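K.L.:
Starting off with a structure, shown below.
Values in this text are rule-based calculations from the coordinates and carry no lab data. Quantities reported herein were computed from a predicted structural model and do not represent experimental measurements. Here the Cβ positions follow ideal geometry from the backbone for every residue, glycine too, while neighbour counts run over all protein chains shown.
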Amino acid sequence: MFSLQTNLHADRTMKAMNVLKFRVIKPSDLGKIQKFYIDNFYAHEPVFSSTPKLIPSRRDQNDIAECVKQGTSILCYRETHRGNEEIIGGLLAMPKKSSYVEELFRASEEEGNTKYGHYLRMLATLHKEADICKRYNVDQLFFTLMGTVDPKWRGNNICKRLLDESVALATDMGYKVYTTDCTSNYSDRICEKYLKMHKLVSLKYKDFVDENGKPHFNVPEPHQEVNTYAMTLPWPIKAFQEYRK
């Protein structure tokens, strides 16, 4: 029975991958990408969907817009029978200079006592400890912000493929270091076991607390911590090729 289920899952995955396409997100996509993230990332990502749920603000919508503007973000889609694009998933990223940690702290202070403000401060805390630019002796890096997949398409390895294409794009664009923060158990497994990225720092959600010792995020199991990963480039594949096993 286990073997049959595995084969059925593999067959389903390959059929799904045969209809999926990937490309860079364009400025003209911004409105539908913002809506897709509100409907999917904000509603289902462990930190953002935890109580209290995050209400999108101008700052986080501007951060999405900045990722799109840079031409460094990836869209997964399929063509419908009417010739339209149905968005399946996305991975938002942007280049960051060595001053980005200070910028994250400043942005978190400007955002204030909101969930997104706490989220930015959590990232800043992790990246201050990781000290990636100094660690890898670079003055800029490829920084991923948010990745998500439509729940009805999950289980088809789409998150893996988004990361694959994102790392390949970063290589094509000449970046030397790629970094991402994994807030879910699933994305963490992909980065550590599939991409073989280096886990630099970790922070348990129960330890990220306010002045009263109360955790900022009440994240459900099995998600217990956020982990910061990095890898050196180049990555030995080109972006947007046919599906690679």
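K.L.:
Diagonalise the Cα gyration tensor of the chain and give the resulting equivalent ellipsoid semi-axes, square root of 5 times each eigenvalue, largest first, whole Å.
P.N.:
Each semi-axis is √(5λ); the values are 28, 21, 19 Å.
K.L.:
On the Cα set of segment 138-189, report Rg and Dmax in Å, please.
P.N.:
12.2, 40
K.L.:
For segment 77-120, what number results from the quotient of the Cα radius of gyration and 2.2 N^0.38 Å?
P.N.:
After normalising by residue count via 2.2 N^0.38 Å, the value is 1.87.
K.L.:
Got a sec to turn the phi values of segment 77-87 into Karplus ³J(HN,Hα) couplings, 6.51 cos²θ - 1.76 cosθ + 1.60 with θ = phi - 60°, whole Hz, x for Gly and Pro?
P.N.:
Ordered by residue, 3J(HN,Hα) equals 8, 9, 8, 7, 5, 8, x, 8, 9, 9, 6 Hz.
K.L.:
Which residues' amide hydrogens lie under 5 Å from the amide hydrogen of LEU200, considering only partners 5 or more residues apart or on another chain, with H built in the peptide plane?
P.N.:
Excluding prolines and chain starts, which carry no amide H, the hits are THR228, TYR229, ALA230.
K.L.:
Express in % the proportion of alpha carbon pairs of segment 47-86 at distances exceeding 11 Å.
P.N.:
So the pairs more than 11 Å apart make up 74 percent of the total in segment 47-86.
K.L.:
Roughly how compact is segment 183-245, stated as its Cα Rg over 2.2 N^0.38 Å to two decimals?
P.N.:
1.49
K.L.:
Given 25 °C and 0.890 mPa s, how large is the Stokes-Einstein diffusion coefficient of segment 111-245 in µm²/s, with Rh as the Kirkwood radius over Cα pairs?
P.N.:
153
K.L.:
Something else now. Which links in LYS32/LYS134; LYS35/LYS204; LYS21/LYS238; LYS160/LYS238; LYS26/LYS128 stretch past 26 Å when you go from one Cα to the other?
P.N.:
With Cα atoms farther than 26 Å apart: LYS32/LYS134; LYS35/LYS204; LYS26/LYS128.
K.L.:
Can you order the peptides 82-90, 66-74 by their average number of other Cβ atoms within 10 Å per residue, highest first?
P.N.:
66-74, 82-90
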